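Asks: One structure, pasted below without further comment.
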Amino acid sequence: MSLLNEIMDYNEQFVEKGEYVKYRTDKFPEKRMVIISCMDTRLVELLPKSLNVKNGDVKILKTAGAIVSHPFGSVMRSILVAIYELKADEVLVIPHHDCGMASVDADAVMDKMIERDIPKSTIDTLGAAGIDIRSWLRGFDDVYESCKNSVEVIKGHPLIPKNIPVHGLIISPDTGKLELVVDGYSQEQK
C-alpha cells in the first residue's frame, strides 16, 4: 500500500468517527500572532507544546530554516495576510539549533537534482536567465544571525505596520527551550 493510500484510508475513518470535532475553531488566531518556524520534523508537536499554543491559537508558517529571504515572496505575503485579514498583532520568527539549513552546500543539492533526472541544461538555463541558484539554495552559517536577518526583513518591510512587534527566538529541537534573540517590544537584539 502506498503512503497516499494509507493517508486516504486513515482520513476516511477520521471523518467517519467525527475526530475532527475536537479541532474545530475559526480562522482568526486566538492569541493574535503568526509564527514563522522551520519545517523540521522534530518541531511538528514540540514547537506548539513548548509555546503553550493549541489548535486555533496562532498561524504557523513553515519554511526551510525559518528563513524569510525575500521581502515579496510567499512567506512575507502570508505574514501580511495574517496581519491585515486574520487579525494577527505580533510576529515570531523561531528557527532552531541543529538545523538542516545550516551550511547547506548548494552545489551538492544541484548534483542531487541532476542525479534525480533534472537536466543540467535546465540548471544552466536558469543561471543564464539571471537566477542565482547557489545563492537561492544556500542556508546559513549562524542560526542567530539568520534569525536576526529574518526579523529585519519582516520589520523593515514597507507594508508592516510600525506597531507590530517582530520577535526572534531560537528553539532547541531536543528540549523545546527558547532563547530570546530579538525582543520585538523593544527591538533589542541579544
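The values are calculated or read from the model by the stated rules, or taken from the named source; none is laboratory data. The model shown is predicted, which means the values in this text are computed figures rather than measured ones. Cβ: placed from backbone, ideal geometry, glycine included. Neighbour counts: every protein chain shown. In case anyone asks, the SASA skips ligands and DNA or RNA and just uses the protein heavy atoms, side chains included. Shrake-Rupley method; radii C 1.70, N 1.55, O 1.52, S 1.80 Å.
Asks: Using only Cα atoms, locate the centre of the range 115-140 and the centre of the range 17-94, then give the distance between them in Å, rounded to an integer.
Replies: 30 Å
Asks: Report the semi-axes of the equivalent ellipsoid for the range 1-157 in whole Å, largest first, where each axis is √(5λ) for an eigenvalue λ of the Cα gyration tensor.
Replies: 31, 24, 15
Asks: Per DSSP helix of 4 or more residues, -39500 (n - 2.57); summed, then divided by the residues of the chain. What does that give at 222 nm, rounded to the nearest 500?
Replies: Result for the chain, helices only: -11000 deg cm²/dmol.
Asks: Would you kindly find the accessible area of E45, with a 1.4 Å probe and non-protein molecules such as ligands, DNA and RNA excluded, rounding to the nearest 10 Å²?
Replies: Result for E45: roughly 130 Å² accessible.
Asks: Less than 26 Å apart at the alpha-carbon level, and either on another chain or at least 8 residues along: which lysines does that give for K162?
Replies: K27, K31, K59, K62, K87, K148, K190
Asks: Check each of the chymotrypsin sites (Phe, Trp or Tyr not before Pro) in the range 91-185 and keep only those in coil by DSSP with at most 10 other C-beta atoms within 10 angstrom; list them in order.
Replies: Y185
Asks: With a 1.4 Å probe and all protein chains kept in place, how much accessible area does H70 have, in Å² rounded to the nearest 10?
Replies: Taking all protein chains as shown, H70 has close to 100 Å².
Asks: Using DSSP to define loop residues, name the chymotrypsin sites (Phe, Trp or Tyr not before Pro) in the range 19-126 whose beta-carbon has at most 13 other beta-carbon atoms within 10 Å.
Replies: Of the chymotrypsin sites (Phe, Trp or Tyr not before Pro), the ones in loops of the range 19-126 whose Cβ has at most 13 other Cβ atoms within 10 Å are F72.
Asks: If you count the DSSP beta bridges with both ends in the chain, what percent of them are antiparallel, to the nearest 5?
Replies: So the antiparallel bridges amount to about 25 percent of the total.
Asks: Then there is this: Got a number for carbon plus sulfur as a percent of the chain's accessible area, 1.4 Å probe?
Replies: That share works out to 54 percent.
Asks: To continue, here is another question. Over the chain, average the accessible area per residue using a 1.4 Å probe and give it in Å², no decimals.
Replies: That works out to 62 Å² for each residue.
Asks: How large is the accessible surface of M33 in square angstrom, using a 1.4 angstrom probe and rounding to the nearest 10?
Replies: 40 Å²
Asks: Excluding K87 itself, calculate the net charge of residues whose Cβ lies under 15 Å from the Cβ of K87, where each Lys or Arg counts +1 and each Asp or Glu counts -1.
Replies: The answer is -2.
Asks: How large is ³J(HN,Hα), in whole Hz, for each residue of the range 41-50 in order, when computed from phi with the Karplus curve 6.51 cos²θ - 1.76 cosθ + 1.60 and θ = phi - 60°, using x for Gly and Pro?
Replies: Working through the residues one at a time gives 4, 5, 9, 3, 9, 5, 4, x, 5, 6 Hz.
Asks: I need to check one value: relative contact order of the range 62-190, counting alpha carbon pairs closer than 8 Å and at least 6 residues apart, in percent.
Replies: 31 percent
Asks: Run through the range 81-164 and list the trypsin sites (Lys or Arg not before Pro) located in a DSSP loop whose Cβ has at most 16 other Cβ atoms within 10 Å.
Replies: Of the trypsin sites (Lys or Arg not before Pro), the ones in loops of the range 81-164 whose Cβ has at most 16 other Cβ atoms within 10 Å are K87, R116, K162.
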